[in-house]
Amino acid sequence: MRIRIDLAYDGTMFHGWATQPGLRTVQGELQDALATALRMPATGERSQVWVTVAGRTDSGVHARGQVAHFDIDAEVLESSRGRSEQSPIDSLVRRLNGILPADLRVRRAIEAPEGFNARFSALSRRYVYRIVDDPAYVDPLKRGHVLYRTRPLDLSLMNVASADLVGLNDFASFCKPREGATTIRDLRQLSWDRRPDGIIEATVLADAFCHSMVRSLVGCLMVIGEGRKDVTWAKESLASRSRSSSIPIAPANGLTLEEVAYPPDELLAAQHERTMNRREASELDRDR
């Protein structure tokens, strides 16, 4: 069986999603909890349950709508519920949330439809970055999830600059380079709004994101919003296709993965295939 799990976590005390020896990570905590809940003993530093995620979040980044999957023998899942009268999957969710720390929760789990892959079947990921630039709205209780700036931000300038970045582009200027990884992404939305409570929200939606891309976009646009760079700077930076230290990476605490979108069940396998084909094409272009 393939099980889809929907997760939420406060990333403050995690060193990102991906497992790292000796560090506390979301994947590590989840896989250890799964091994315990399914009564599958861990082997060394890696449990016998491997979880695939929709989008790896960086250290300190939060998630409200993360999605992952893992594969398990149906008999193992059935036997793990013991005497529980709940369904095997509902019983698993209950046990997991009893094992996991308070800053990581499983919101639901279901048997995944045929063709589902948390990573490659996804149509898009939506992040929101939250900022407060007015001391009247500073709330110390939200400091772990909202970035506080002392300079006021001009959202009209930031929205103009953001519009220049939307579309299918090479975002090498806004990504930490990774050998063998493409930096071409389809950025479908990048917009700024101010809520009635004074919190500024940047909504960033794309088919996928490369390493530190969202925080680099936000960092660039905040510089423009503070009047330290011209409104054309974002477009000029994009065109350079070269990572520059002049583009700051916004702090992690303001960023939250809000949603991962998938096609209808009958189109999951086709979306998986399209994603893999695009990835292979990008790798071929890189190697030429």
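What follows is calculated from the coordinates using simple rules that are stated; it is not laboratory data. Since the model is a prediction, treat every value here as computed from it, not as a measurement. Ideal geometry is used to build each Cβ from the backbone, glycine not excepted, and the neighbour counts take in all protein chains shown.
Brief remarks on what is shown
- Cβ-defined net charge surrounding A239, 12 Å radius [Lys, Arg +1; Asp, Glu -1]: -1
- Distances between placed amide hydrogens fall under 5 Å for V61 paired with G16, all partners being 5 or more residues away or on another chain.
- Here is the list for the stretch 69-100: trypsin sites (Lys or Arg not before Pro) lying in DSSP coil, each with at most 15 other C-beta atoms within 10 angstrom of its C-beta, are R83.
- Per-residue HN-Hα couplings for the stretch 80-87 [Karplus 6.51, -1.76, 1.60; θ = phi - 60°; Hz; x = Gly/Pro]: 6, 7, x, 9, 4, 8, 6, 5
- Mean separation of Cα pairs under 8 Å and 6 or more residues apart, divided by the residue count, gives the stretch 124-260 a relative contact order of 38 percent.
- Here the chain is assigned +1 on the Cβ of each Lys and Arg and -1 on the Cβ of each Asp and Glu. Its dipole about the Cα centre then comes out at about 580 debye.
- Mean separation of Cα contacts under 8 Å, 6 or more apart, over the residue count of the chain: relative contact order %: 23 percent
- For the stretch 170-176, Karplus couplings with θ = phi - 60° (6.51, -1.76, 1.60), whole Hz, Gly/Pro x: 8, 9, 4, 5, 10, 10, 6
- Largest to smallest principal axis extent of the C-alpha atoms in the chain, angstrom: 64, 52, 36
- In order through the stretch 61-74: 3J(HN,Hα) via Karplus (6.51 cos²θ - 1.76 cosθ + 1.60), integer Hz, x for Gly, Pro: 7, 9, 8, 10, x, 6, 10, 9, 9, 8, 10, 8, 5, 4
- In a simple Cβ point-charge model (Lys, Arg +1; Asp, Glu -1; nothing else charged), the stretch 2-111 has a dipole of about 180 debye relative to its Cα centre.
- With the convex hull of its Cα atoms as the shape, the stretch 2-111 has an orientation-averaged projected area of 6.2 nm².
- Degrees separating the helix 213-225 axis from the principal Cα axis of the chain, which is the longest one: 30 degrees
- The packing ranking of peptides 218-224, 179-185, highest mean first, is 218-224, 179-185, where packing means the average number of other beta carbon atoms within 10 angstrom of each residue.
- Directionally averaged shadow of the stretch 140-288, computed from the convex hull of its alpha-carbon atoms, nm²: 10.5 nm²
- Highest mean packing first, where packing is the average number of other Cβ atoms within 10 Å per residue, the peptides 57-65, 268-276 line up as 57-65, 268-276.
- With pairing defined as another cysteine C-beta under 4.7 Å, the cysteines of the chain that fail it are C220.
- Debye, to nearest 20: dipole size of the stretch 124-260, +1 on Lys, Arg Cβ, -1 on Asp, Glu Cβ: 340 debye
- Against the chain, whose longest principal axis is taken from its Cα atoms, helix 88-99 shows a tilt of about 60°.
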